[in-house]
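Accompanying notes for the structure given below.
The values are calculated or read from the model by the stated rules, or taken from the named source; none is laboratory data. Note that the coordinates shown come from a computational prediction; the quantities given were computed from them, not determined experimentally. Neighbour counts are summed over all protein chains in view; Cβ atoms, including those assigned to glycine, are modelled from backbone coordinates with ideal geometry. Surface areas here come from the heavy atoms of the whole protein model, side chains and all, with no ligands, DNA or RNA. Shrake-Rupley method; radii C 1.70, N 1.55, O 1.52, S 1.80 Å.
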Amino acid sequence: MNTLILIVEDEQDILELMEYHLSKEGFETIGFLNTKRVEAALEEERVDLILMDRNLPGTEGSEFIASLRRKGVNTPVIFISAKDKDSDIEQGFERGGDDYLTKPFSMKELILRVKAILRRTQKISSEGLISYRDISLNLGSRTVMIETDPVELTKLEFDLLHALIANQNIVLERDYLLEHVWGEGETYQDRTVNVAINRLKEKIDPTKTKEYIKTVRGVGYSLC
């Protein structure tokens, strides 16, 4: 299956240039001048990587990605933007970016960064392994290791930890966790999430020295 890269860039000439160079490297591309049809494309196509400008008509690019992350879209993102201050770059990562390339940029550097991101993310998807710090999850066998020690988790605890690690750049709201971990069709209280998080913390950090998970008061949870 060919790798599909979705590009959002409001300058037509830059968009076409990116599509040309990526296609020369064997990638398939789909391009947009704004974010209006991006969500529909993500639902219809198996997109491997998003290249996202920030200065767009309508929705600002990083705000759009943050909204996708809140909806559970985990497709890797490289921001490509003229916003080049340290605070801008930091904001891009905080809103769900995996890499950040400032304009003007060389097509060679873009290709190298694209390949680097894809190497990492496609390895994860093919091997079924994801990790955070010294925690490793095997999605195939549903096992958890901390350093070299196995940790016994229930199905719910495993799914909860998986959700946190898969979305490690953002805060997950309690409602998001209830929908994506517990599932729709049942009624739960916020306290349900609190109790499960505390139980998970005790299992992966019994000595309370590593602090993997933090509570964002009034919002939800994220990895430290």
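Table for the structure above
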quantity	calculated
Degrees, to the nearest 10: 155-166 long Cα axis against longest axis of the chain	30 degrees
For the stretch 1-57 and the stretch 139-180, distance of Cα centres in Å	30 Å
With all protein chains modelled, accessible area of Thr35 [1.4 Å, Å²]	10 Å²
Under 29 Å from the Cα of Lys85 - lysines, other chains or at least 8 residues apart	Lys36, Lys71, Lys103, Lys108, Lys115, Lys214
Degrees separating the helix 190-204 axis from the principal Cα axis of the chain, which is the longest one	80 degrees
Extreme residue, positive dipole direction of the chain, given options Leu110, Leu177, Leu22 (C-beta unit charges)	Leu177
Mean separation of Cα contacts under 8 Å (6+ apart) over length of the stretch 42-189, as relative contact order %	18 percent
Mean residue ellipticity (222 nm) of the chain, computed from DSSP H runs ≥ 4 via -39,500 (n - 2.57), nearest 500	-12500 deg cm²/dmol
Protein-only accessible surface order, largest first, of Arg54, Arg120 at 1.4 Å	Arg120, Arg54
Computed E for Lys210/Met107 - FRET, C-beta separation, R0 41 angstrom, nearest 0.05	0.45
For the stretch 7-121, alpha-carbon Rg relative to the globular expectation (2.2 N^0.38 Å, N residues)	0.97
With every protein chain in place, the chain: carbon and sulfur % of accessible area (1.4 Å)	47 percent
Which labelled figure in [x] 148; [y] 114; [z] 197 is volume of the Cα convex hull per residue in Å³, once derived from the coordinates	[x]
Per residue accessible area in Å² of the chain, where ligands, DNA and RNA are left out and the probe is 1.4 Å	55 Å²
